Amino acid sequence: RPGAGLQKWIGFVSGRIRSLREKAGLTQVQLAEKSGLPQSHISRLENGEHSPSHVTLEKIAKALGVSVSELDPSS
């Protein structure tokens, strides 16, 4: 189980992924296709059930047309 700091970070990043995906007008399936990640992985990330790696954040950011720092200000 992640510590409080990591849990807070996961919660923030998951919310950013969801809000930026919705702002871009994409479904989870469309974001998955654009990022090369499984839809189930996108779902777990958005629900805060998984901690994304930096590589995963890069793929999602590229698919959304944003910088990684928009998903993770600490990057």
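The values are calculated or read from the model by the stated rules, or taken from the named source; none is laboratory data. The model shown is predicted, which means the values in this text are computed figures rather than measured ones. Neighbour counts run over all protein chains shown; Cβ positions are idealised from the backbone, glycine included. The protein model used for the area step is the full one, side chains on, heavy atoms only, and it has no ligands, DNA or RNA in it. Shrake-Rupley method; radii C 1.70, N 1.55, O 1.52, S 1.80 Å.
At a glance:
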{"quantity": "Residue check for residue 75: of a type in the set (Gly, Ala, Ser) and at pLDDT 95 or above", "calculated": "no"}
{"quantity": "Hey, residue 44 open to solvent by 30 Å² or more (accessible area, probe 1.4 Å) and either within 14 Å of residue 66 (Cα to Cα) or of a type in the set (D, E, K, R) (or both) or not", "calculated": "yes"}
{"quantity": "When residues of segment 47-56 are limited to those that are outside any helix (DSSP H, G or I) and open to solvent by less than 80 Å² (accessible area, probe 1.4 Å), the one farthest from residue 7 (Cα to Cα)", "calculated": "53"}
{"quantity": "Matching residues in segment 1-18 - criterion: being in a helix (DSSP H, G or I) and open to solvent by 20 Å² or more (accessible area, probe 1.4 Å)", "calculated": "4, 5, 6, 7, 8, 9, 11, 12, 15, 16, 18"}
{"quantity": "Qualifying residue in segment 19-36 (condition: out of contact with any helix residue (DSSP H, G or I) (no Cβ under 9 Å at 6 or more places or on another chain), in a helix (DSSP H, G or I), of a type outside the set (D, E, K, R) and surrounded by 11 or more Cβ atoms within 10 Å (Cβ to Cβ))", "calculated": "yes"}
{"quantity": "Cross-chain or 6+ apart pairs with Cβ under 6 Å, segment 58-75 first and part of a helix (DSSP H, G or I), then exposed (fewer than 15 other Cβ atoms within 10 Å of the Cβ) and at pLDDT below 95", "calculated": "68/75; 69/75"}
{"quantity": "Those residues of segment 57-74 which are open to solvent by less than 80 Å² (accessible area, probe 1.4 Å) and under 13 Å from residue 10 (Cα atoms), in sequence order", "calculated": "57, 71, 72"}
{"quantity": "Residue pairs meeting the criteria (Cβ under 6 Å; at least 6 apart or on separate chains; first of a type in the set (Asp, Glu), in segment 1-30; second part of a helix (DSSP H, G or I) and modelled with pLDDT under 95)", "calculated": "none"}
